[in-house]
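Here's the structure we're looking at; comments come further down.
The values are calculated or read from the model by the stated rules, or taken from the named source; none is laboratory data. Computed from a predicted model, the values in this text were never measured in an experiment. In this analysis, Cβ positions are derived from the backbone assuming ideal geometry, glycine residues included, and neighbour counts consider all displayed protein chains.
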Amino acid sequence: MNVLMLSPGFPEDMPYFTRGLAQAGARVVGVGDQHPDQLPPLARDALADYVHVGELWNESAVLAALRHRLGGQHIDRVETLWEPAMHLAARLREQLGAPGLDVERTRAFRDKVHMKHVLREHGVRVPHHARATTAADVRAAVERIGFPAIVKPVAGAGSADTLRVDDGAGLDAALAALRHVPEVAVEEYVDGEEFTFDTLSVGGRPVFENVAWYRPKPLVARHEAWISPQAIVFRDLERPDLQKGRALGRQVLEALGFDSGFTHMEWFLTPQGEAVFGEIGGRSPGGRLTHGMNHACAIDLFAGWGEVVQHGRFSQSTDRPFNAAMIFKRAQGEGRIQHHWGLRELLEAYGAHVAHLDLVPVGQPRRDWTQVVTGDGWIVVRHPDLDTTIEIADRFAADLRILAG
Ligand SMILES: Nc1ncnc2c1ncn2[C@@H]1O[C@H](COP(=O)(O)OP(=O)(O)O)[C@@H](O)[C@H]1O
Ligand SMILES: [Mg+2]
């Protein structure tokens, strides 16, 4: 099978998926704006061919380059797991006659207002919401929805430009801060804990499911530098507090007509016990969560996805031997990393439970954690018992201090 893989080398999880496709037996043709010399080896080794385009967002130019390069070759699938490339993938599917999400169904996964509109029509509990392009529209929407409210870009990512407004002064400040955003979604602020619902689906049916718990909510983590954010991948998906969210998730997939591949949904569990939809992407989760799921389940979902695309089945185990906690670190101080304070003691105490440890090495410049979820390093710890997993995660969050200077 000939599979076009958009952006096979970027961002960081894509080379693993590209390799997964090749492992499943697909003939993978990459399309991307990365120079061939910059492709990570994992991706390069998995590609049968690579079409280098100047700009991935110029759809007609990409299509012309592909037609020229592919000649009469038939393309069986067009794949991407990178959110910004989803629209291009849909366009190429339509143009090349490949199955999968078309442009219209993709819009429901990309545009946060349209998404909630479609879901509400299907009876899904979504936050009250409105679309706004002017300050007056935003004010009118907040008037209707009430405080506290959320104002955010309609096609945002990583909580960028996402603001909670609690009163009139907050609204004025938000309007000033969001002047550069042409179109925003205004929403009712939903209180409570925030979770994911991730699936790998075949023919509209999840063959693998996952729920992770954000500690704290991404919006809080985004605004507080001192926090080491965590994502806890649950071992036990049958926990009573997760059932409404899982049911909501399946309802959403059906309403949006999702077929095959990865999905990543976010949902809230309110203090009253209600599950409320947050957002969904027709792709794998960011924040390296696919690695977290792999560690919890002791499987390889990159290869599993490749098998789904190539063969329409998932044959790996769905047992979940562990809970996995991902911890993302942010250095203290500016400049270069000087010291991983507390690491030796933590590894002595918990080394047996550390599945992954990737810290920015001493001597390297510290990173901008508002731009890179993994910040100055990430750790995955795992344990069959949830409380123990959280206890170990909290030790790495509090006792590992990455010092820059
Ligand atoms: N209506 C809402 N109520 C409460 N929190 C929200 C709401 N919308 C967004 N958030 C917070 O902002 C974060 C980012 O918003 P989201 O819609 O997920 O956009 P992104 O694409 O940036 O992830 C969410 O993870 C959540 O913590
Ligand atoms: Mg989100």
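Structure notes:
- Top-ranked residue in the stretch 104-113 [being buried (at least 16 other Cβ atoms within 10 Å of the Cβ) and at pLDDT 95 or above; ranked as farthest from the chain's Cα centre (by Cα)]: ARG105
- Cβ pairs under 6 Å, 6+ apart, first in the stretch 267-287 and within 10 Å of ligand 2 (Cβ to nearest atom) and among the hydrophobic types (A, V, I, L, M, F, W, C), second at pLDDT 95 or above and in a strand (DSSP E or B): ILE280/MET265
- Number of positions in the stretch 184-220 that are without any contact (Cβ under 8 Å) to a residue 24 or more places away in the chain, crowded, with 19+ Cβ neighbours inside 10 Å and over 16 Å from ALA325 (Cα atoms): 0
- Qualifying residues in the stretch 172-195 (those that are closer than 17 Å to VAL113 by Cα and among the acidic types (Asp, Glu)) - the one nearest to ligand 2 (Cβ to nearest atom): GLU187
- Pick from the stretch 226-261, criterion in contact with a helix residue (DSSP H, G or I) (Cβ under 8 Å, 6 or more places away or on another chain) and assigned to a helix (DSSP H, G or I), ranking: surrounded by the fewest Cβ atoms within 10 Å (Cβ to Cβ): ALA255
- Only strands (runs of 3 or more DSSP E) whose full extent lies in the stretch 281-375 are considered here, and the ones with at least 3 residues that are closer than 28 Å to ARG235 by Cβ and in contact with a strand residue (DSSP E or B) (Cβ under 9 Å, 6 or more places away or on another chain) are 323-328, 354-359.
- Scanning the stretch 31-56 for residues that are surrounded by fewer than 19 Cβ atoms within 10 Å (Cβ to Cβ) and modelled with pLDDT under 95 yields GLY54, GLU55.
- Applying the condition of being closer than 18 Å to VAL276 by Cα and acidic (Asp, Glu) to the stretch 176-198 and asking which residue is nearest to ligand 1 (Cβ to nearest atom) yields GLU187.
- Test: residue in the stretch 159-169 that is within 16 Å of ligand 2 (Cβ to nearest atom), outside the structural domain of GLY278 (by TED's automatic domain parsing) and farther than 23 Å from PRO271 by Cβ: yes
- Selected residue [more than 25 Å from GLY312 (Cβ to Cβ), part of a loop (DSSP other than H, G, I, E, B) and not assigned by TED's automatic domain parsing to the domain that holds GLY304] from LEU56, LEU63: LEU56
- Yes/no for ILE75 being at pLDDT 95 or above and more than 23 Å from the chain's Cα centre (by Cα): yes
- The C-beta contact set for the stretch 380-403 (first residue more than 21 Å from THR290 (Cα to Cα), second residue among the charged types (D, E, K, R), distance under 6 angstrom, 6+ apart or interchain) comprises ILE402/LYS329; ILE402/ASP376.
- Summed over the stretch 216-237, the residues that are away from ligand 1 (no atom under 16 Å from the Cβ) and under 24 Å from ARG164 (Cα atoms) give a count of 3.
- The stretch 150-175, residues that are over 22 Å from VAL372 (Cα atoms) and either among the charged types (D, E, K, R) or near ligand 1 (Cβ under 8 Å from one of its atoms) (or both): ILE150, ASP166, ASP167, ASP172
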